[in-house]
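S.K.: Here it is, the structure in full.
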Amino acid sequence: MFNLDLCSWPGCKNPVDRNSRFCNTHIKMDYQKEIENYLLSNEVIMNLKAPGLIFEGLDLRGKRFINCYFHHTLWKNCRFDNSRFQMCFFDDSVITNCHFLKVNMLQCVFTMAVLQDTTFRGSDLISVNLNRIKSRHCDFSESDLYYSRFIGSSLKETLFVDCNLKRVDFCLSRMKRISFRYSNSEEAYFQKEHRG
(Lines give C-alpha, C1' and ligand atoms only; values in the text may rest on other atoms or scores of the structure.)
Protein backbone atom coordinates (compact mmCIF):
# COMPACT_ATOMS: atom_id res chain seq x y z
CA MET A 1 0.00 0.00 0.00
CA PHE A 2 2.61 2.56 1.07
CA ASN A 3 6.15 1.96 -0.06
CA LEU A 4 8.17 3.71 2.62
CA ASP A 5 11.40 2.93 0.76
CA LEU A 6 10.53 5.61 -1.80
CA CYS A 7 11.08 9.32 -1.30
CA SER A 8 8.28 11.09 0.63
CA TRP A 9 8.42 14.12 -1.69
CA PRO A 10 5.11 14.36 -3.61
CA GLY A 11 5.44 12.58 -6.95
CA CYS A 12 9.05 11.44 -6.42
CA LYS A 13 9.74 7.76 -7.10
CA ASN A 14 13.44 7.75 -6.15
CA PRO A 15 14.67 5.50 -3.33
CA VAL A 16 15.26 7.11 0.06
CA ASP A 17 18.69 8.06 1.27
CA ARG A 18 19.94 6.08 4.25
CA ASN A 19 18.28 7.14 7.56
CA SER A 20 15.95 9.58 5.81
CA ARG A 21 12.45 9.81 4.35
CA PHE A 22 13.83 11.53 1.21
CA CYS A 23 16.06 10.82 -1.77
CA ASN A 24 19.39 12.59 -2.34
CA THR A 25 17.68 15.30 -4.42
CA HIS A 26 15.05 16.25 -1.82
CA ILE A 27 16.86 15.63 1.46
CA LYS A 28 18.00 19.26 1.82
CA MET A 29 14.76 20.96 0.73
CA ASP A 30 12.24 22.52 3.11
CA TYR A 31 9.81 19.60 3.13
CA GLN A 32 7.43 21.15 5.68
CA LYS A 33 6.79 24.29 3.62
CA GLU A 34 6.56 22.38 0.35
CA ILE A 35 3.96 19.98 1.78
CA GLU A 36 1.93 22.90 3.16
CA ASN A 37 2.01 24.58 -0.27
CA TYR A 38 1.03 21.30 -1.92
CA LEU A 39 -1.92 20.85 0.47
CA LEU A 40 -3.13 24.42 -0.03
CA SER A 41 -2.76 24.57 -3.81
CA ASN A 42 -4.36 21.22 -4.78
CA GLU A 43 -8.03 20.24 -4.55
CA VAL A 44 -7.22 16.52 -4.75
CA ILE A 45 -4.40 15.23 -2.55
CA MET A 46 -3.52 11.67 -3.51
CA ASN A 47 -0.86 9.21 -2.30
CA LEU A 48 0.84 11.84 -0.14
CA LYS A 49 3.27 10.64 2.53
CA ALA A 50 3.84 13.31 5.16
CA PRO A 51 4.62 11.58 8.46
CA GLY A 52 5.89 13.43 11.52
CA LEU A 53 5.12 16.97 10.33
CA ILE A 54 3.46 19.88 12.16
CA PHE A 55 0.53 21.67 10.49
CA GLU A 56 -0.97 24.75 12.08
CA GLY A 57 -3.74 27.09 10.92
CA LEU A 58 -4.27 25.49 7.50
CA ASP A 59 -7.55 26.03 5.66
CA LEU A 60 -8.13 22.74 3.83
CA ARG A 61 -11.88 23.03 3.38
CA GLY A 62 -13.44 21.23 0.43
CA LYS A 63 -10.36 19.12 -0.37
CA ARG A 64 -10.30 15.46 -1.35
CA PHE A 65 -7.70 13.24 0.34
CA ILE A 66 -7.11 9.78 -1.12
CA ASN A 67 -4.67 7.19 0.21
CA CYS A 68 -2.63 9.67 2.28
CA TYR A 69 -0.22 8.84 5.10
CA PHE A 70 -0.15 11.39 7.96
CA HIS A 71 1.28 9.10 10.66
CA HIS A 72 2.51 10.86 13.81
CA THR A 73 1.58 14.38 12.62
CA LEU A 74 0.45 17.36 14.68
CA TRP A 75 -2.61 19.23 13.40
CA LYS A 76 -3.55 22.42 15.25
CA ASN A 77 -6.27 24.97 14.39
CA CYS A 78 -6.87 23.47 10.92
CA ARG A 79 -10.16 23.39 8.99
CA PHE A 80 -11.24 20.44 6.87
CA ASP A 81 -14.96 21.30 6.52
CA ASN A 82 -16.74 19.60 3.60
CA SER A 83 -13.64 17.57 2.70
CA ARG A 84 -13.59 13.91 1.67
CA PHE A 85 -11.13 11.33 2.94
CA GLN A 86 -10.66 7.83 1.61
CA MET A 87 -8.16 5.38 3.12
CA CYS A 88 -6.12 8.02 4.97
CA PHE A 89 -3.93 7.36 8.00
CA PHE A 90 -3.72 9.71 11.00
CA ASP A 91 -2.51 7.07 13.45
CA ASP A 92 -0.45 8.28 16.43
CA SER A 93 -1.26 11.89 15.49
CA VAL A 94 -2.27 14.79 17.73
CA ILE A 95 -5.25 16.78 16.45
CA THR A 96 -6.14 19.88 18.49
CA ASN A 97 -8.84 22.49 17.89
CA CYS A 98 -9.55 21.31 14.34
CA HIS A 99 -12.83 21.40 12.42
CA PHE A 100 -13.96 18.42 10.37
CA LEU A 101 -17.52 19.74 9.86
CA LYS A 102 -19.60 17.78 7.36
CA VAL A 103 -16.68 15.67 6.15
CA ASN A 104 -16.99 12.29 4.48
CA MET A 105 -14.49 9.68 5.67
CA LEU A 106 -14.32 6.13 4.42
CA GLN A 107 -11.97 3.53 5.90
CA CYS A 108 -9.61 5.99 7.56
CA VAL A 109 -7.37 5.21 10.55
CA PHE A 110 -6.87 7.30 13.70
CA THR A 111 -5.52 4.50 15.93
CA MET A 112 -3.86 5.87 19.08
CA ALA A 113 -4.41 9.49 18.00
CA VAL A 114 -5.09 12.25 20.51
CA LEU A 115 -8.13 14.38 19.64
CA GLN A 116 -8.84 17.48 21.70
CA ASP A 117 -11.33 20.33 21.20
CA THR A 118 -12.08 18.95 17.73
CA THR A 119 -15.41 18.61 15.95
CA PHE A 120 -16.64 16.10 13.38
CA ARG A 121 -20.21 17.41 13.61
CA GLY A 122 -22.57 16.47 10.78
CA SER A 123 -20.08 14.08 9.18
CA ASP A 124 -20.16 10.62 7.62
CA LEU A 125 -17.41 8.54 9.24
CA ILE A 126 -17.98 5.12 7.72
CA SER A 127 -15.83 2.19 8.84
CA VAL A 128 -13.28 4.50 10.50
CA ASN A 129 -10.75 3.03 12.94
CA LEU A 130 -10.65 5.18 16.08
CA ASN A 131 -9.29 2.39 18.28
CA ARG A 132 -7.32 3.43 21.36
CA ILE A 133 -7.76 7.17 20.71
CA LYS A 134 -7.77 9.71 23.51
CA SER A 135 -10.64 12.11 22.93
CA ARG A 136 -11.40 15.13 25.11
CA HIS A 137 -13.95 17.90 24.40
CA CYS A 138 -14.78 16.48 20.96
CA ASP A 139 -18.08 16.53 19.11
CA PHE A 140 -19.28 13.79 16.75
CA SER A 141 -22.93 14.93 16.94
CA GLU A 142 -25.30 14.51 14.00
CA SER A 143 -22.83 12.12 12.35
CA ASP A 144 -23.19 8.74 10.71
CA LEU A 145 -20.56 6.53 12.38
CA TYR A 146 -21.71 3.26 10.81
CA TYR A 147 -19.35 0.37 11.52
CA SER A 148 -16.64 2.60 13.02
CA ARG A 149 -14.59 1.40 15.98
CA PHE A 150 -13.58 3.08 19.24
CA ILE A 151 -12.25 -0.11 20.87
CA GLY A 152 -10.10 0.57 23.94
CA SER A 153 -10.45 4.34 23.59
CA SER A 154 -10.49 6.99 26.31
CA LEU A 155 -13.47 9.27 25.66
CA LYS A 156 -13.94 12.27 27.95
CA GLU A 157 -16.52 15.02 27.57
CA THR A 158 -17.24 13.86 24.04
CA LEU A 159 -20.62 14.25 22.33
CA PHE A 160 -22.40 11.67 20.18
CA VAL A 161 -25.77 13.46 20.05
CA ASP A 162 -28.21 12.34 17.33
CA CYS A 163 -25.72 9.95 15.69
CA ASN A 164 -26.16 6.76 13.74
CA LEU A 165 -24.27 4.28 15.94
CA LYS A 166 -25.30 1.12 14.11
CA ARG A 167 -22.55 -1.52 14.52
CA VAL A 168 -20.18 1.01 16.16
CA ASP A 169 -17.88 -0.78 18.62
CA PHE A 170 -17.08 0.93 21.94
CA CYS A 171 -15.89 -2.24 23.72
CA LEU A 172 -13.17 -1.78 26.35
CA SER A 173 -13.45 2.01 26.09
CA ARG A 174 -13.33 4.25 29.13
CA MET A 175 -16.00 6.94 29.03
CA LYS A 176 -16.56 9.97 31.20
CA ARG A 177 -19.26 12.62 30.68
CA ILE A 178 -20.38 11.26 27.30
CA SER A 179 -23.73 12.06 25.70
CA PHE A 180 -25.49 9.63 23.37
CA ARG A 181 -28.74 11.62 23.47
CA TYR A 182 -31.10 10.90 20.53
CA SER A 183 -28.61 8.35 19.12
CA ASN A 184 -29.40 4.70 18.46
CA SER A 185 -26.91 3.52 21.10
CA GLU A 186 -28.83 0.23 21.45
CA GLU A 187 -27.41 -0.76 18.03
CA ALA A 188 -23.78 -0.15 19.13
CA TYR A 189 -21.52 -2.59 20.98
CA PHE A 190 -20.63 -1.76 24.59
CA GLN A 191 -19.37 -3.50 27.67
CA LYS A 192 -21.41 -1.95 30.44
CA GLU A 193 -18.67 -2.07 33.06
CA HIS A 194 -16.63 0.42 31.02
CA ARG A 195 -19.44 2.94 30.56
CA GLY A 196 -19.82 5.78 33.01
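The values are calculated or read from the model by the stated rules, or taken from the named source; none is laboratory data. As the structure is a computational prediction, the values presented were derived from the model and not from experiment. All Cβ positions, even for glycine, are placed from backbone atoms using ideal geometry, and neighbour counts span all protein chains on display.
S.K.: Just a yes or no: is a residue in region 169-184 free of Cβ contacts under 8 Å to residues at least 40 places away in the same chain and under 27 Å from residue 64 (Cβ atoms)?
M.R.: no
S.K.: Within region 117-134, how many residues are over 12 Å from the mean Cα position of the chain (by Cα) and among the polar types (S, T, N, Q)?
M.R.: 2
S.K.: In region 53-65, what residues are of a type outside the set (Phe, Trp, Tyr), in a strand (DSSP E or B) and under 12 Å from residue 78 (Cβ atoms)?
M.R.: Result: 54, 56, 59.
S.K.: Quick check on region 25-52: of everything there that is crowded, with 17+ Cβ neighbours inside 10 Å and assigned to a loop (DSSP other than H, G, I, E, B), which residue is modelled with the highest pLDDT?
M.R.: Looking at residues that are crowded, with 17+ Cβ neighbours inside 10 Å and assigned to a loop (DSSP other than H, G, I, E, B), I get 48.
S.K.: Would you point out which residue out of 24, 19, 104 is closer than 24 Å to residue 131 by Cα and not hydrophobic (A, V, I, L, M, F, W, C)?
M.R.: 104
S.K.: Also, quick follow-up: Condition check: under 25 Å from residue 159 (Cα atoms) and either small (Gly, Ala, Ser) or free of Cβ contacts under 8 Å to residues at least 24 places away in the same chain (or both). Does residue 41 satisfy that?
M.R.: no
S.K.: Something else about it: Given the condition under 23 Å from residue 186 (Cα atoms) and either touching a strand residue (DSSP E or B) at 6+ places or on another chain (Cβ under 8 Å) or surrounded by 17 or more Cβ atoms within 10 Å (Cβ to Cβ) (or both), answer yes or no: does some residue in region 113-120 qualify?
M.R.: Yes.
S.K.: Of the residues 91, 81, 59, which single one is in contact with a helix residue (DSSP H, G or I) (Cβ under 8 Å, 6 or more places away or on another chain) and either modelled with pLDDT of 90 or more or of a type outside the set (D, E, K, R) (or both)?
M.R.: When all the criteria are applied, what remains is 59.
Okay, residues lined up against (1) farther than 15 Å from residue 125 by Cβ; (2) of a type in the set (Asp, Glu); (3) touching a Phe, Trp or Tyr at 6+ places or on another chain (Cβ under 8 Å); (4) surrounded by 20 or more Cβ atoms within 10 Å (Cβ to Cβ):
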{"position": "142", "(1), (2), (3), (4)": "no, yes, no, no"}
{"position": "146", "(1), (2), (3), (4)": "no, no, no, no"}
{"position": "152", "(1), (2), (3), (4)": "yes, no, no, no"}
{"position": "182", "(1), (2), (3), (4)": "yes, no, no, no"}
{"position": "190", "(1), (2), (3), (4)": "yes, no, yes, no"}
